[in-house]
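All remarks here apply to the structure that follows.
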Amino acid sequence: MPNIAIARLGHEGNSFASIKATLRDFKNFEWAKGEEAVSFYRGTNTEIGGAVAFFETRPEWQPTYLRCTFATPSGEVTRDTYEELLAELLAGLAEGPPDGSGRWDAVYLGQHGAMQVEGVDHADHDLLIRVREVIGDTPLGASYDLHANITQPQIDLCDIVVGYKCHPHTDMAETAQKCLSLLLKRVAGTIHPVGVVRPMNALLPSINARTTDGPMAEAAAFARGLAEGAGLLDLTIYQGYAYGDRPHAGASVVAYADGNSALAERAISATLGELRRIRDRLFIAMPTAPGGMARALGIARQGQGPVAVIDSADYPGAGANADTPGLLRAVLDARPDVPTVMAFFWDPATVARAAEAGIGGEIEVALGGRLTPDFGAPVTARARVTRLTDGRIVNTGPFCNGLAFDYGQTAVLEIEGIQVIVTETCLTVTDPSFFDLHGIDLSRIGILAIKAKNQFRAAFTSVFPTMIDVDVPGPAAYDFASLPFRRVPRTHFPFTRDA
């Protein structure tokens, strides 16, 4: 019986975020191994969930689940954490299959592609180098987020790489299954994948780069049609991760053809041409937080809500820390006369004080600006505690469907009539279960002010007739000029826009 090793070591690192990822952050989000990984991921819309489903229909293969872990996006991963996680992965690969055969027939890695590690120039590439040193010429497949920063040396170390096609990411399990299907064909010798990557030399803003609508939807449809028409094994547009300040950051296109590098090159050339065609339309004018709130209030007062006002600059899914005060300040200054919710702040100390005060108790708070003053001073106010929870949900929407999220203890505070959610742990808010947990019926409110981004839209487009993205200072700011890039080449667009 052929053996395949399956592992996951992923992280999305924001070079401008102040909190580094440690081993605790990996253990607090996705952390499983062996049969525990099978039960943890089974039925989830994740890469490992896709792998579990894939091999449950292929009993002729024996999968072994090595360490599978992912930390919620943040600043860099500490070097000690990276080395410890990588050492465990390499030891599992070196040990070989449980049947004692001594050699894996294939290896599959669920990565992300934008991991930042202290003192490591390109962590995802480094990981592949060190895996190859252990497994030799064993066929190796990897899957990546479409926000990965990809280079040719990474592609050269793998037999097949497949990236997400959807943004919001609703195809994670599907991506893993496609990668595994191609990898098994490579093992059988029925295909001979040749992969090529070409950079676009551009940092692209993700806020208007959804594949469901707008300019990137056009590019995604173009790539999909081209891949099918040309008979490619895979064609992925990697939008890149702009906030990973590294020389290799930026958008790219990767094509795989069956033994035909020229075909892959032609497909990439055509797809890059399509990306350049739509490039400028990805950059849009966005209102400030006060401007967005004024527009939202006008809509909600006419009974056309609820309205979502979205601050992507402080979105934890982009490595930010749910700690900037700009959106809350705009909400309070607007003095909304419709039911309004603010989600959320990561502030363990405030949650602890709220728990001590109890339901109905009042506390003085200073929200935002806890970690750094770079994006504004804290908002101070008196708050009444209206709800306390254990912070545990299971996602019911399409993003990471079925995956458990643990926000730690949480509190709902009422400040000047506005409900403000505060959490003990910093995770993304992308699912209706989060609001159910806090007793909030979104259909009965006027405005939701939220630190979120495109993943939020996957579950909430039908809930909010209007979503307003606002430009607020933060570590994942829409305005690249507001961030201290040091390592991304200044020859990348949009730095060359004036020239």
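Just so you know, all these numbers are worked out from the coordinates, no wet-lab data involved. Model, not experiment: these values are computed from the prediction. Here the Cβ positions follow ideal geometry from the backbone for every residue, glycine too, while neighbour counts run over all protein chains shown.
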Residue-wise HN-Hα coupling along the range 348-362, computed from phi with Karplus coefficients 6.51, -1.76, 1.60 (Hz; x: Gly, Pro): x, 5, 5, 4, 4, 5, 5, 5, 5, 5, x, 4, x, x, 10
Part-to-part distance (alpha-carbon centres) for the range 332-353 and the range 116-179, which is given in Å: 39 Å
In whole Hz, with x marking every Gly and Pro, tabulate ³J(HN,Hα) for the range 402-419 from phi via Karplus 6.51 cos²θ - 1.76 cosθ + 1.60, θ = phi - 60°. x, 8, 7, 10, 10, 8, x, 5, 10, 9, 9, 10, 9, 10, 6, x, 9, 7
Residues with beta-carbon under 13 Å from that of Q455, excluding Q455: net charge, scoring Lys, Arg +1 and Asp, Glu -1? 0
How compact is the range 149-220 by the rule of thumb for globular proteins, expressed as Cα Rg over 2.2 N^0.38 Å? 1.29
Placed amide H near S15: partners under 5 Å, 5+ positions off or other chain: G244, D245
Suppose we take every Cα in the range 102-197 and form the convex hull; what volume per residue is that in Å³? 103 Å³
Under the Karplus curve 6.51 cos²θ - 1.76 cosθ + 1.60, θ = phi - 60°, whole-Hz ³J(HN,Hα) for the range 280-293, x wherever Gly or Pro sits: 5, 6, 6, 8, 10, 7, 10, x, 5, 4, x, x, x, 5
Kirkwood Rh in Å, taken over the chain so that all alpha-carbon pairs contribute: 23.3 Å
5 Å is the cut-off here: which amide hydrogens, built 1.01 Å from N in the peptide plane, fall below it relative to T211, excluding neighbours closer than 5 in sequence? H167
Using +1 on the beta carbon of Lys and Arg, -1 on that of Asp and Glu, and nothing else charged, what's the dipole of the chain about the Cα centre, debye to 20? 1000 debye
On the first, second and third principal axes, largest extent first, how far apart are the outermost C-alpha atoms of the range 418-499 in Å? 51, 31, 22
Just flag the trypsin sites (Lys or Arg not before Pro) in the range 32-110 sitting in loop per DSSP whose Cβ has no more than 15 other Cβ atoms within 10 Å. R42, R103
When only alpha-carbon atoms are used, what values of Rg and Dmax, in angstrom, describe the range 325-463? 14.4, 38
Per-q log10 I(q)/I(0), the range 12-53, q = 0.15, 0.17, 0.18, 0.22 Å⁻¹ (Debye; single scatterer per alpha-carbon; no solvent): -0.49, -0.58, -0.63, -0.76
